[in-house]
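Take a look at the structure set out below.
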Amino acid sequence: MRDAIPRPRAKPIPYIVLQEPATKAPEPHGFALWQLGFRPFYLLAGIFGAVSIALWAAQISGALGATYLPGPVWHAHEMLFGFALAIIVGFLFTAGRNWSGRPTPRGAPLAALAALWLAARCVALTPYGWIGAVVGPAFALSAAVGLAIPLHAAGNRRNYVFVGLLVAFAVLDLVFHLAVLGAFAVPEFFGVRLGLDIVLFVMVLMSGRVLPMFTNNAIAGAGAERRPRLEAFALGAIVALAVADLAGVGGTALGVVALGAAALHAARWSLWRPWKTLRTPIVWILHVATLWIPIHLALRGAAALGWVASTAASHALTVGALGGLVLGMMTRTSRGHTARPLRADAFDIVSYVLVSLAAVVRVVLPIVRPEATMTAIVGSAVLWSTAFAIFSVRYWSVLTRPRLDGAPG
């Protein structure tokens, strides 16, 4: 028997249209190259690193008839005061904004600094050394002022050391030019040698500050340690090495200092648990690069004792440590400061592998087979130039377009 009381009719369930969310938001339009220091200087250094080394290898092997640079001393100068200094300035202008909470050079002042750096690279190709003696140091001094202003305004004294290091770069660049011109009675490589010590100090200081943090943030349970006392001794060992170079110390004394520094830096590196980073390329490249620091120091000691050629130590520092850290930090900074994921893609990984192989070929092959030195130079140059060409092409749009989140920088 049906219920005599009528029941209310059930309301129909409304039809809901489900739309699949967009998988990728469109990138902002515009030109952002002059928004923050890392943008122009990373791009310039990437292109310069690729082209300059390729031309140098072609010249030294005899494949290039026209002279690109007058000799090894100018090759060393351009890679130090051109390539490395551009990376350092780009990094410091970017980090300086975070340290101080104040703007670092951007817009027209940043473009003017980039133009000054480019002018110094062009002057290096001319016989007008006196112009180079003005333009090159002027870039480093201008960069020091650009960093000092926000740090001073914020009272950030902790990082004044980087202003001092930029001033030191300017002085050493001037010393180099005066030595080449015969106006200063020091060896031409004197300024380059001390400049490399400064680059080494910067790499040691910054890696100690950030690499354990990067490792622990990226990898759960990594347990990377930073021991302040060991950090102080490690930095002190680099200062001692620079003082020995400044005083012209060589032989056994220099060998002991360098080998002692190598032991300290090897212990420091092991505390960062590098073996736990193998599945995280954007972190392992930094660990691979910093491994070249104790290798460089050990080879410097061996060279001072007459066991290996000094070029092995120099290229362990420049190709291995500097090349790897530069690529690792450029990709990480470029991604982080443009609101992209901190994750290396296939292009990044290939460039990491290539620059690491470039270091092995340039350092190890001449030690094992001295007769294959020219093969090592050319092979390493091909690997290095390809790595930085990949970066330059891959990150051109990243560095010239605005941040994905629309924020300034």
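When the chymotrypsin sites (Phe, Trp or Tyr not before Pro) in the range 112-169 are filtered for DSSP coil states and for at most 16 other beta-carbon atoms within 10 Å of their beta-carbon, the remaining sites are Y128.
Measuring nothing but protein heavy atoms, the accessible surface of the range 328-409 at 1.4 Å probe radius is 71 percent carbon and sulfur. On a per residue basis, the range 213-317 carries 45 Å² of accessible surface, using protein heavy atoms and a 1.4 Å probe.
Within the range 318-359, the ratio Rg/Rh, alpha carbon atoms throughout and Rh by Kirkwood, equals 1.00. Lys and Arg at +1, Asp and Glu at -1: add these up for the other residues within a Cβ distance under 12 Å of A258 and post the number. So the environment of A258 carries a net charge of -1.
So, counting K/R as plus one and D/E as minus one, what does the shell of residues with Cβ under 15 Å around Y352 add up to? So the surrounding residues net to +3.
Find, among the trypsin sites (Lys or Arg not before Pro) in the range 289-385, those assigned to loop by DSSP (not H, G, I, E, B) with at most 13 other beta-carbon atoms within 10 angstrom.
In loop regions of the range 289-385 (DSSP not H, G, I, E or B), the sparsely surrounded trypsin sites (Lys or Arg not before Pro) are R343.
The slack in the chain from W307 to A407, taken as 0.36 nm per residue of separation less the alpha-carbon distance, amounts to 30.6 nm.
Got a number for carbon plus sulfur as a percent of the range 65-140's accessible area, 1.4 Å probe? Carbon-and-sulfur percentage of accessible area, whole number: 71.
Taking label points 7 Å from Cα along the Cα-to-Cβ direction, W396 and A183 give a separation of 3.9 nm. Taken over the range 101-145, the alpha-carbon convex hull comes to 56 cubic angstrom per residue.
Which whole-angstrom value gives the distance between the alpha carbon centres of the range 251-284 and the range 174-226? So the two Cα centres are separated by 14 Å. Adding -39500 (n - 2.57) for every DSSP H run of four residues or longer, then dividing by how many residues the chain holds, sets the calculated 222 nm ellipticity at -23000 deg cm²/dmol. The mean sequence distance of close C-alpha pairs (under 8 Å, at least 6 residues apart), as a share of the length of the chain, puts its relative contact order at 18 percent. Restricting the calculation to Cα atoms, the chain yields a radius of gyration followed by a Dmax of 25.1, 119 Å. Straightening the chain between L64 and W130 buys 21.1 nm, computed as 0.36 nm per residue apart minus the Cα-Cα spacing.
Taking the Cβ-Cβ separation of I47 and L235 as r and a Förster radius of 35 Å, what is the calculated FRET efficiency to the nearest 0.05?
Computed FRET efficiency for I47 and L235 comes out at 0.60.
Quick check: from the Cα gyration tensor, does the range 33-156 come out rounded (a/c under 1.5), prolate or oblate? It comes out prolate by the Cα gyration axes. Helix 38-60 and the long axis of the chain differ in direction by around 40°, with both axes built from C-alpha atoms. About its Cα centre, the chain has a charge dipole of approximately 1780 debye under the convention of +1 per Lys or Arg Cβ and -1 per Asp or Glu Cβ, with nothing else charged. Among P105, A346, V199, flag the residue with its Cα farthest along the positive direction of the charge dipole of the chain, charges on Cβ as +1 for Lys/Arg and -1 for Asp/Glu. Positive-most Cα among the choices belongs to A346. The C-alpha atoms of the chain define a longest principal axis, and helix 85-100 lies at about 50 degrees to it. Relative to the longest principal axis of the Cα atoms of the chain, helix 323-336 runs at roughly 30 degrees. Here's the picture: charge each Lys and Arg Cβ at +1 and each Asp and Glu Cβ at -1 in the chain, and of T331, A244, A114 the one pushed furthest to the positive end of that dipole is T331. Pairwise inverse Cα distances across the range 266-409, averaged and inverted, put the Kirkwood hydrodynamic radius at 16.1 Å.
The values are calculated or read from the model by the stated rules, or taken from the named source; none is laboratory data. Bear in mind that the values here come from a model prediction, so they are computed numbers and not experimental data. Please note: Cβ atoms are built from the backbone with ideal geometry, for glycine as well, and neighbour counts cover all protein chains shown. Remember, those area values only see protein heavy atoms, side chains included, never the ligands or the DNA or RNA. Shrake-Rupley method; radii C 1.70, N 1.55, O 1.52, S 1.80 Å.
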